[in-house]
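Participant: So that we are looking at the same thing, I have put the structure below in structure tokens.
The values are calculated or read from the model by the stated rules, or taken from the named source; none is laboratory data. Just so we're clear, the structure is a prediction, and the values are computed from it rather than from any experiment. As a convention, Cβ positions derive from the backbone with ideal geometry for all residues, glycine included, and neighbour counts pool all protein chains shown. Side chains are part of the model used for accessible areas, which takes the heavy atoms of the whole protein and leaves out ligands, DNA and RNA. Shrake-Rupley method; radii C 1.70, N 1.55, O 1.52, S 1.80 Å.
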Amino acid sequence: MKKIFSSLPFKLLLGVVLGILVGQVANVSVMNVVVTVKYILSELINFCVPLIIIGFIAPSITKLGNHASRMLGVALICAYTSSVLAALGSMAAGYGLIPHLSISSAVEGLKELPEMVFQLDIPEIMPVMSALVFSVMIGLAATWTKAVTVTKILEEFQQIVLKVVTKIVIPILPVFIGFTFCALSYEGTITKQLPVFIKVVLIVIVGHFIWMTLLYTVGGIYSKSNPLEVVRNYGPAYLTAVGTMSSAATLAVALKCAKKSEPPLRSDMVDFGIPLFANIHLCGSVLTEVFFVMTVSKILYGDIPSVGTMVLFCFLLGVFAVGAPGVPGGTVMASLGLITGVLGFNDTGTALMLTIFALQDSFGTACNVTGDGALTMILTGYANRHNIEKQENTLEL
């Protein structure tokens, strides 16, 4: 019983429940503190994200040796394919379901969060995408030049980042999630805004689980292993993603969950794939955005975009998803140009799109993160099928 109460899933769930309850009764003074602490914790977690990306991806690429370029290509193809197919499936569901829904667009009545007591900014050493590109370039270059010294430095840096994750990031996540849900509860997002689009949100969440099921089925078949051995360990990562609304901020917990899933997931593929997919694989967000743009178009403009327009939007959105940062709202923000340019949304449509997307951003992120485990199964299967030697390491989260 003591082990359950001290476990990460219990702490995360407790943070969610307490946050919602406190948010319902909190006054402005309490929320001043909540908003301030939430901001500081968010800044601290976001500061660590580029370090985690560099610390895990770059050393993992060097360990792959001559196979690094090939494995990176396979990962990119998997991420893009997953996002595009999820988008096309969502499009098909949209044409079948949206015309039969009666949807209201009223989203008024939310409280405004009070100002922070003080603002402590902790800038990242570099943006997330810069860290990702740097990790890939330095890892590949070190492999091509057989740079022994740099490789050792990267391995030592990985150990340092590992301690940052286990001693700092993971312990503060339940607190951050609790304060996040406290703010949502105080605003009224949970009690007032969500019911406005409850039908659409529920349909999208069902779509998430259908897509995750398909991904894990394909991953299990290709890797010739039982996907349930991976899924059963992903509960904490899913719940953390619901709270953080960020694939990047959930990275530490996702790594911890994936490392418990050996042998279906090879440890070297986890170190390489999970941090990479956290930034390039946003299938849940893409699935959501496609269904929501069709819904918003129906509400505001009286019709759903044509099939040709939506197919073009889906394929382009897949590209934007690979390049979008794994942060809250990253996909929809990165693709605003597509929403206005390809679909012709005006300011009102864009605002409503951002609002409805924010309602379920937690669940879209959770789908992204959980889906990363399935793609890592595919990477593991590819490595085993092509006799890519496993790189042993001693990293334990």
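Participant: May I ask you to list the residues in region 196-244 that are more than 19 Å from the chain's Cα centre (by Cα), closer than 30 Å to Thr166 by Cα and not in a helix (DSSP H, G or I)?
Facilitator: Scanning region 196-244 gives Ser225, Asn226, Pro227.
Participant: Can you go through Ile122, Ile103, Ile98 and tell me which one is in a loop (DSSP other than H, G, I, E, B), at pLDDT 80 or above and open to solvent by less than 50 Å² (accessible area, probe 1.4 Å)? Lay out the reasoning, then the answer.
Facilitator: On the way: Ile103 fails: at pLDDT 80 or above; Ile98 fails: in a loop (DSSP other than H, G, I, E, B).
Answer to the check: Ile122.
Participant: Here is a list: Leu44, Leu76. Which entry is of a type outside the set (Asp, Glu), at pLDDT 80 or above, over 30 Å from Val204 (Cα atoms) and open to solvent by 10 Å² or more (accessible area, probe 1.4 Å)? Break it down into steps so the answer makes sense when it comes.
Facilitator: Values: Leu76 fails: over 30 Å from Val204 (Cα atoms).
Going through Leu44, Leu76 in turn, the sole match is Leu44.
Participant: If you scan region 27-39, which residues turn out to be buried (at least 18 other Cβ atoms within 10 Å of the Cβ) and either of a type in the set (Ser, Thr, Tyr) or farther than 9 Å from Phe179 by Cβ (or both)?
Facilitator: Answer for region 27-39, where residues must be buried (at least 18 other Cβ atoms within 10 Å of the Cβ) and either of a type in the set (Ser, Thr, Tyr) or farther than 9 Å from Phe179 by Cβ (or both): Met31, Thr36, Tyr39.
Participant: Check Met137, Met116 and return the single one that is modelled with pLDDT of 85 or more and open to solvent by 50 Å² or more (accessible area, probe 1.4 Å). Explain how you work it out, then say what you get.
Facilitator: On the way: Met116 fails: modelled with pLDDT of 85 or more.
Result: Met137 is the single residue among Met137, Met116 that is modelled with pLDDT of 85 or more and open to solvent by 50 Å² or more (accessible area, probe 1.4 Å).
Participant: Right, another one. Could you tell me whether any residue of region 278-291 is open to solvent by less than 10 Å² (accessible area, probe 1.4 Å) and in a loop (DSSP other than H, G, I, E, B)?
Facilitator: yes
Participant: Looking at Ser261, Ser247 in this structure, which one is in contact with an Asp or Glu (Cβ under 9 Å, 6 or more places away or on another chain), at pLDDT below 90, part of a loop (DSSP other than H, G, I, E, B) and within 29 Å of Met91 (Cα to Cα)?
Facilitator: Numbers: Ser261 fails: within 29 Å of Met91 (Cα to Cα).
The unique qualifying residue is Ser247.
Participant: State the number of residues belonging to region 24-44 that are of a type in the set (Phe, Trp, Tyr) and more than 22 Å from Thr240 (Cα to Cα). Quick ask: steps written out before the conclusion?
Facilitator: Applying the first criterion (of a type in the set (Phe, Trp, Tyr)) to region 24-44 yields 39.
Within this subset, residues satisfying the condition of being more than 22 Å from Thr240 (Cα to Cα) are none.
Result for region 24-44: 0.
Participant: So, one more: Suppose we filter Ala142, Ala131, Ala147 for residues that are at pLDDT 85 or above and crowded, with 19+ Cβ neighbours inside 10 Å; which single one remains? If you could, list the steps in order and put the result at the bottom.
Facilitator: Values: Ala131 fails: at pLDDT 85 or above; Ala147 fails: crowded, with 19+ Cβ neighbours inside 10 Å.
Of Ala142, Ala131, Ala147, the one residue that is at pLDDT 85 or above and crowded, with 19+ Cβ neighbours inside 10 Å is Ala142.
Participant: Phe272 - would you say it is under 30 Å from Pro59 (Cβ atoms), open to solvent by less than 50 Å² (accessible area, probe 1.4 Å), modelled with pLDDT of 80 or more and touching an Asp or Glu at 6+ places or on another chain (Cβ under 6 Å)? Break it down into steps so the answer makes sense when it comes.
Facilitator: Details: under 30 Å from Pro59 (Cβ atoms): yes; open to solvent by less than 50 Å² (accessible area, probe 1.4 Å): yes; modelled with pLDDT of 80 or more: yes; touching an Asp or Glu at 6+ places or on another chain (Cβ under 6 Å): no.
When the stated conditions are applied, Phe272 does not pass them.
Participant: For Ser69, state whether it is modelled with pLDDT of 80 or more, part of a helix (DSSP H, G or I) and of a type in the set (S, T, N, Q). Before you say what the answer is, go through the steps one by one.
Facilitator: On the way: modelled with pLDDT of 80 or more: no; part of a helix (DSSP H, G or I): yes; of a type in the set (S, T, N, Q): yes.
No.
Participant: If the Cβ limit is 6 Å and pairs must be 6+ apart or interchain, which residue in region 290-304 that is without any contact (Cβ under 8 Å) to a residue 60 or more places away in the chain pairs with which residue that is of a type outside the set (Asp, Glu) and part of a loop (DSSP other than H, G, I, E, B)?
Facilitator: Taking only residues 6 or more apart or on different chains, the pairs are Ser297/Ile304; Ser297/Pro305.
Participant: Here is a check on your reading of the model: is Val206 of a type in the set (Val, Ile, Thr) and in contact (Cβ under 8 Å) with a residue 40 or more places away in the chain? So that I can check it myself, show each step before the final result.
Facilitator: On the way: of a type in the set (Val, Ile, Thr): yes; in contact (Cβ under 8 Å) with a residue 40 or more places away in the chain: no.
Spelling it out, it is not the case that Val206 is of a type in the set (Val, Ile, Thr) and in contact (Cβ under 8 Å) with a residue 40 or more places away in the chain.
Participant: Oh, and also: Considering only region 305-319, state which residues are within 15 Å of Phe345 (Cα to Cα) and touching a residue at least 12 places away in the same chain (Cβ under 8 Å). Steps first, please.
Facilitator: Looking only at region 305-319, we keep the residues that are within 15 Å of Phe345 (Cα to Cα), and these are 305-306, 309-310, 313.
Residues satisfying the conditions are Pro305, Thr309, Met310, Phe313.
Participant: Is it the case that some residue within region 371-391 is at pLDDT below 90, in contact with a helix residue (DSSP H, G or I) (Cβ under 8 Å, 6 or more places away or on another chain), of a type in the set (Ser, Thr, Tyr) and within 30 Å of Gly243 (Cβ to Cβ)?
Facilitator: No; the residues of region 371-391 include none that is at pLDDT below 90, in contact with a helix residue (DSSP H, G or I) (Cβ under 8 Å, 6 or more places away or on another chain), of a type in the set (Ser, Thr, Tyr) and within 30 Å of Gly243 (Cβ to Cβ).
Participant: Kindly establish whether Val164 is in contact (Cβ under 8 Å) with a residue 24 or more places away in the chain, open to solvent by 20 Å² or more (accessible area, probe 1.4 Å), out of contact with any Phe, Trp or Tyr (no Cβ under 7 Å at 6 or more places or on another chain) and of a type in the set (Val, Ile, Thr).
Facilitator: Numbers: in contact (Cβ under 8 Å) with a residue 24 or more places away in the chain: yes; open to solvent by 20 Å² or more (accessible area, probe 1.4 Å): yes; out of contact with any Phe, Trp or Tyr (no Cβ under 7 Å at 6 or more places or on another chain): yes; of a type in the set (Val, Ile, Thr): yes.
Yes: the conditions hold for Val164.
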